[in-house]
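See below for the structure under consideration.
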Amino acid sequence: MTGQTVLRTPSAPLSSRRVARRGAARGEGAWPWIFVLPLLTGIGVFFIWPMIQTAYYSFTEWGVFGGTTFTGVENYVRLFADPRLYASLGNTLIYTAVVLLGIPIAVYLASLLNLPGLRFASFYRVLFFLPYVAMPTAVAIVWRIIFNGDFGILNYTLSLVGIDGPYWISTPGTAMFAVAIVGLWSSLGFSMIILASGLKNIAPELYEAAELDGATRWRQFRSITVPLLTPSIFFVTIITVISSFQLFDLLYAILGSTNPVLPKSMSLVYFFYDQGFVQNDKGYAAAIAIVIFLIIGLVTLLQFRLQKRWVNND
């Protein structure tokens, strides 16, 4: 009797625990979905469904009084034969290239702010981050004054060294560069904060060992800081490229809608806005939106493929 009791007693609670564990597991599996359901609903309603609608409308033509007519790939054929697509793509690439130049500057500034014993480091971080959170319209007003061809600060500074500055935002060759300089300036703070966080993950022992070996600060920066910071640099590069391909508000606020150089200085998103909301050619604008989406996807995919060659993930 004693032996039977010993053999049967553990089996009952063990099966009970298994049942309870399965029930708990089912409960744990449901509750997370309940909590994320509002977020998933928002993504579905405000992102996935509009994307599906845009893809459908890109194969249609909108009537003047509403309604759509299915036209197949006509909008895409028309779009790839439109020289404005390539001009706006070129302007967007110029803007992206100039803004990307801010990343090496941000790496250097973040390294300076991470120096041990630096006074007012938090104040400097806030100072550099302020342009990123400032309203694009307010930023544009200030920079329009700086770029003014008659009384702007930039041309006044150039005149001190004997250079006659152009009308920066009303000259076709300089308008996009002027917008790109503002974009570089406003994105510098965001990049610097992300990179400064990455610097915190580098072990101080590496710098101490390098100092014992007689390495200079420049050699430490080149051989320790930059290689170990490449994951953060890659993240900043991805965000910068994607946001640069979405250039609209800064361009609109600086150049204005009546600027004569605007047709030659449009970005891809401004081209979409012009066709969809100014020309009211929404089917064509939907095709532009799909092409922009595909370009950003391809560029991001290319960046992920190339990151294996230069990002240190060890």
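The values are calculated or read from the model by the stated rules, or taken from the named source; none is laboratory data. Here the structure is a predicted model, which means the values were calculated and not measured. Using ideal geometry, Cβ is built from the backbone for each residue, glycine included, and neighbour counts are taken over all protein chains shown. Accessible surface areas use protein heavy atoms only, side chains included; no ligands, DNA or RNA. Shrake-Rupley method; radii C 1.70, N 1.55, O 1.52, S 1.80 Å.
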- Query: How high is the relative contact order of segment 139-183, in percent, with contacts defined as C-alpha pairs under 8 Å that are six or more residues apart?
  - Reply: 28 percent
- Message: How large a share of the accessible area of the chain, in percent, is made up of carbon and sulfur atoms when the probe is 1.4 Å and the other protein chains stay in place?
- Response: 69 percent
- Task: Order THR225, THR137, THR258, most accessible first, counting only protein heavy atoms with a 1.4 angstrom probe.
- Result: THR258, THR137, THR225
- Message: Of ASN312, GLY256, PHE277, which is farthest towards the positive pole of segment 238-314's charge dipole, taken about the Cα centre with +1 and -1 on the beta-carbons of Lys, Arg and Asp, Glu respectively?
- Response: ASN312
- Query: How far apart, in nm, are the 7 Å Cα→Cβ label points at GLU205 and PHE80?
  - Reply: 5.7 nm
- Query: By how many nm would the segment from SER197 to ILE105 lengthen if fully extended, with 0.36 nm per residue of separation less the alpha-carbon distance?
  - Reply: 31.5 nm
- List the relative contact order of the chain as a percent without decimals, with contacts defined as Cα pairs under 8 Å and 6+ residues apart. 26 percent
- Message: If amide hydrogens are placed 1.01 Å from N in the peptide plane, which non-local residues have theirs closer than 5 Å to the one on THR60?
- Response: THR71
- Query: Dividing the convex hull volume of the Cα atoms of the chain by its residue count, what figure in Å³ per residue is obtained?
  - Reply: 276 Å³
- Message: If I ignore ligands, DNA and RNA and count only protein heavy atoms, how much of LYS308 is accessible to a 1.4 Å probe, in Å² to the nearest 10?
- Response: 150 Å²
- Item | Sorted largest first, extent of segment 126-189 alpha carbons per principal axis (Å) | 36, 24, 16
- Message: Suppose a student asked you for the relative contact order of segment 167-314, using Cα pairs under 8 Å spaced at least 6 residues apart; what percent would you report?
- Response: 28 percent
- Query: Working out 0.36 nm times the residue gap between TRP49 and LEU118, then minus their Cα-Cα distance, what length gain in nm do you get to one decimal?
  - Reply: 19.8 nm
- Query: Using a Gaussian network model of the chain with C-alpha springs under 10 Å, which one of ASP281, ASP249, ASP164 is most mobile by mean-square fluctuation?
  - Reply: ASP164
- Task: Report MET51's accessible area, 1.4 Å probe, all protein chains in place, as a number in Å² to the nearest 10.
- Result: 90 Å²
- Alpha-carbon Rg with Dmax, taken over segment 146-295, Å: 21.5, 68
- Taking only protein heavy atoms and a 1.4 Å probe, the highest-to-lowest accessible-area order of ILE233, ILE163 is ILE163, ILE233
- Note on the structure: accessible surface per residue for the chain, probe 1.4 Å, DNA/RNA/ligands not counted, whole Å² -> 62 Å²
- Message: Connecting C-alpha atoms closer than 10 Å in a GNM of the chain, tell me which of ARG144, ARG125, ARG217 has the biggest fluctuation.
- Response: ARG217
- Note on the structure: Taking only the alpha-carbon atoms of segment 23-144, the convex hull volume per residue, in cubic angstrom, is 292 Å³
- Note on the structure: Note on segment 226-301: alpha-carbon gyration tensor, axes a ≥ b ≥ c; rule is a/c under 1.5 for rounded, else prolate if a/b larger than b/c, else oblate; result oblate
- Item | Loop chymotrypsin sites (Phe, Trp or Tyr not before Pro), segment 137-244 (other Cβ atoms within 10 Å of the site Cβ: 10 or fewer; DSSP) | PHE151
- Message: With viscosity set to 0.890 mPa s at 25 °C, what whole-number translational diffusion coefficient in µm²/s follows for segment 182-269 from Stokes-Einstein and a Kirkwood radius over Cα pairs?
- Response: 155 µm²/s
- With x for Gly and Pro, the residue-by-residue ³J(HN,Hα) of segment 180-186, computed from phi through the Karplus equation 6.51 cos²θ - 1.76 cosθ + 1.60 at θ = phi - 60° and given in whole Hz, is 5, 5, 5, x, 4, 4, 6
- Note on the structure: What the 5 Å binned alpha carbon P(r) of segment 62-200 shows, as percent of pairs per bin from 0, is 2, 8, 12, 13, 14, 13, 11, 9, 7, 4, 3, 2, 1, 0
